[in-house]
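Undergrad: This is the structure, below, for whatever I ask next.
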């Protein structure tokens, strides 16, 4: 178990990279740190690893305070974005290096390297050097090196970002299966929300050194706690539309829509509300109907099995997803019908 208590990190010049982080990662959990570049996620990972010293707060691993321990005494293994494998060593020596540092005899560490390599389909590459390997193979070597020393936790700093799209999907599946087999606590940093949703048991969405929301992938996707999380999560951004309370419901983009849930009594027409609905949860109607937003189709984006439709309404751009073969004509008039919406006040989830 990894526990963080009031963790802060302030760099010279007053840059606050971490701002009072409190977090517990359960034993055996796959936990993702997700956020845009510069939000503090890599600094947080490096602080857990001991590569950065916190300005304040505490880091505990399995109940032991490791805040001031050097990285080598924390029993964690880190896989970097650029893999950081030694170019002058072959695959065997790279995998066995942590064991060499621990003074494990040569025959035992060579045998262990071969055992781990076999698990990761690297046996035929044991005598090659990194320059002779593809990006996916180098990534597996970095993983094998981390596995060889049986750490208490894996720390991954965007390890898939240097792979092409097809390899990333393959590596993602492989990494998920491997972590399940090893049952090792894993903290995974990424700016790719698809990776986080696919891999993690829980996700923390970060911004400006703070954790905005922590929850399961389903919770983060279906009920984002703020409009920031709502706009960041999802392969297509959530429609976030200004809204006002009216006698008949909510005035949104030139239409009157039913509220997605009971509104607190103190909400008035003066409140700054935002109506949120994912493109996947909107239907397109060719005929006018109640509770629908009118617009004109301005853009069609082919996404393979479905199409992303952009409609221009009098007050906003609306995006929705239709199935393959159901695409409207450009310039056609239509009505976007929300099926599953959320309501925010001042950027925070209301209902």
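Undergrad: Within segment 93-116, count every residue that is loosely packed, with under 13 Cβ neighbours inside 10 Å and in a loop (DSSP other than H, G, I, E, B).
TA: 3
Undergrad: Could you tell me which of the residues 349, 342, 308, 284 is surrounded by 12 or more Cβ atoms within 10 Å (Cβ to Cβ) and free of Cβ contacts under 8 Å to residues at least 60 places away in the same chain?
TA: 284 is the lone residue from the list that is surrounded by 12 or more Cβ atoms within 10 Å (Cβ to Cβ) and free of Cβ contacts under 8 Å to residues at least 60 places away in the same chain.
Undergrad: Moving to a separate point now. Taking residue 237, is it in contact (Cβ under 8 Å) with a residue 12 or more places away in the chain, farther than 18 Å from residue 193 by Cα and under 31 Å from the mean Cα position of the chain (by Cα)? Step through it out loud before you land on a result.
TA: Numbers: in contact (Cβ under 8 Å) with a residue 12 or more places away in the chain: yes; farther than 18 Å from residue 193 by Cα: no; under 31 Å from the mean Cα position of the chain (by Cα): yes.
So residue 237 fails the test.
Undergrad: Just wondering, is there one or more residues in segment 195-217 that are surrounded by 23 or more Cβ atoms within 10 Å (Cβ to Cβ) and closer than 24 Å to residue 92 by Cα?
TA: The answer is no, given that none of the residues of segment 195-217 is surrounded by 23 or more Cβ atoms within 10 Å (Cβ to Cβ) and closer than 24 Å to residue 92 by Cα.
Undergrad: Taking segment 101-122, which residues are free of Cβ contacts under 8 Å to residues at least 24 places away in the same chain and within 32 Å of the chain's Cα centre (by Cα)?
TA: 115, 118, 121 - these are the residues of segment 101-122 that are free of Cβ contacts under 8 Å to residues at least 24 places away in the same chain and within 32 Å of the chain's Cα centre (by Cα).
Undergrad: Is it the case, given these coordinates, that residue 171 is modelled with pLDDT of 90 or more and either crowded, with 17+ Cβ neighbours inside 10 Å or touching a helix residue (DSSP H, G or I) at 6+ places or on another chain (Cβ under 9 Å) (or both)? Give the steps one after another, and end with the answer.
TA: On the way: modelled with pLDDT of 90 or more: no; either crowded, with 17+ Cβ neighbours inside 10 Å or touching a helix residue (DSSP H, G or I) at 6+ places or on another chain (Cβ under 9 Å) (or both): yes.
Answer is no for this residue.
Undergrad: Give the residues of segment 63-92 that are on the phi > 0 side of the Ramachandran plot and surrounded by fewer than 19 Cβ atoms within 10 Å (Cβ to Cβ), sorted by residue number.
TA: Taking segment 63-92 first, the residues on the phi > 0 side of the Ramachandran plot are 63, 75, 83-84.
Within segment 63-92, 63, 75, 84 qualify.
Undergrad: Then there is this: For residue 69, state whether it is more than 25 Å from the chain's Cα centre (by Cα) and free of Cβ contacts under 8 Å to residues at least 40 places away in the same chain. Explain how you work it out, then say what you get.
TA: Details: more than 25 Å from the chain's Cα centre (by Cα): yes; free of Cβ contacts under 8 Å to residues at least 40 places away in the same chain: yes.
Criteria met by residue 69.
Undergrad: Also: Please find, among 163, 199, the residue that is modelled with pLDDT under 90, touching a helix residue (DSSP H, G or I) at 6+ places or on another chain (Cβ under 7 Å) and within 30 Å of residue 85 (Cα to Cα). Working first, answer last.
TA: Values: 199 fails: modelled with pLDDT under 90.
The match here is 163.
Undergrad: Here's a follow-up. Has segment 54-68 got any residue that is within 25 Å of residue 161 (Cβ to Cβ), modelled with pLDDT of 85 or more, touching a helix residue (DSSP H, G or I) at 6+ places or on another chain (Cβ under 7 Å) and outside any strand (DSSP E or B)?
TA: For segment 54-68, residues within 25 Å of residue 161 (Cβ to Cβ), modelled with pLDDT of 85 or more, touching a helix residue (DSSP H, G or I) at 6+ places or on another chain (Cβ under 7 Å) and outside any strand (DSSP E or B): absent.
Undergrad: Now for a different question. If you take the residues in segment 140-159 that are part of a helix (DSSP H, G or I) and within 19 Å of residue 185 (Cα to Cα), which one is farthest from the chain's Cα centre (by Cα)?
TA: In the first step, residues of segment 140-159 are kept if they are part of a helix (DSSP H, G or I); the result is 140-148.
If we keep only those that are within 19 Å of residue 185 (Cα to Cα) too, we end up with 140, 142-148.
Numbers: 140: 21, 142: 21, 143: 20, 144: 23, 145: 24, 146: 22, 147: 23, 148: 26 Å.
Looking at the filtered set, the residue picked out is 148.
Undergrad: Still on this structure: Do we have any residue at all in segment 5-26 that's surrounded by 15 or more Cβ atoms within 10 Å (Cβ to Cβ) and assigned to a loop (DSSP other than H, G, I, E, B)?
TA: Scanning segment 5-26 turns up no residue that is surrounded by 15 or more Cβ atoms within 10 Å (Cβ to Cβ) and assigned to a loop (DSSP other than H, G, I, E, B).
Undergrad: Report yes if residue 161 is within 27 Å of residue 283 (Cβ to Cβ) and surrounded by fewer than 19 Cβ atoms within 10 Å (Cβ to Cβ), otherwise no. Give the derivation first.
TA: Working: within 27 Å of residue 283 (Cβ to Cβ): no; surrounded by fewer than 19 Cβ atoms within 10 Å (Cβ to Cβ): yes.
No; evaluated as a whole, the condition is false for this residue.
Residue-by-condition table, conditions (1) farther than 25 Å from residue 259 by Cα; (2) assigned to a strand (DSSP E or B); (3) in contact with a helix residue (DSSP H, G or I) (Cβ under 8 Å, 6 or more places away or on another chain); (4) not assigned by TED's automatic domain parsing to the domain that holds residue 257:
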{"site": "291", "(1), (2), (3), (4)": "no, no, no, no"}
{"site": "296", "(1), (2), (3), (4)": "no, yes, no, no"}
{"site": "328", "(1), (2), (3), (4)": "yes, no, no, no"}
{"site": "334", "(1), (2), (3), (4)": "no, yes, no, no"}
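Undergrad: Yes or no: segment 42-62 includes at least one residue that is touching a strand residue (DSSP E or B) at 6+ places or on another chain (Cβ under 8 Å), over 27 Å from residue 180 (Cα atoms), assigned by TED's automatic domain parsing to the domain that holds residue 196 and buried (at least 19 other Cβ atoms within 10 Å of the Cβ).
TA: Yes, segment 42-62 has at least one match.
Undergrad: A further question on this structure: Does residue 74 fit the bill of being closer than 14 Å to residue 155 by Cβ, out of contact with any helix residue (DSSP H, G or I) (no Cβ under 6 Å at 6 or more places or on another chain), in the same structural domain as residue 176 (by TED's automatic domain parsing) and in contact (Cβ under 8 Å) with a residue 12 or more places away in the chain? Walk me through it before giving the result.
TA: Values: closer than 14 Å to residue 155 by Cβ: yes; out of contact with any helix residue (DSSP H, G or I) (no Cβ under 6 Å at 6 or more places or on another chain): yes; in the same structural domain as residue 176 (by TED's automatic domain parsing): yes; in contact (Cβ under 8 Å) with a residue 12 or more places away in the chain: yes.
The answer is yes for residue 74.
Undergrad: Please specify each residue of segment 222-261 satisfying the condition of being out of contact with any strand residue (DSSP E or B) (no Cβ under 8 Å at 6 or more places or on another chain) and closer than 17 Å to residue 282 by Cα.
TA: Just the residues of segment 222-261 that are out of contact with any strand residue (DSSP E or B) (no Cβ under 8 Å at 6 or more places or on another chain), to begin with: 222, 234-235, 247.
Hits for segment 222-261 are 222, 234, 235.
The values are calculated or read from the model by the stated rules, or taken from the named source; none is laboratory data. These numbers come from a predicted model, not from an experiment. Positions of Cβ are generated from backbone atoms using ideal geometry, with glycine treated the same way; all protein chains shown enter the neighbour counts.
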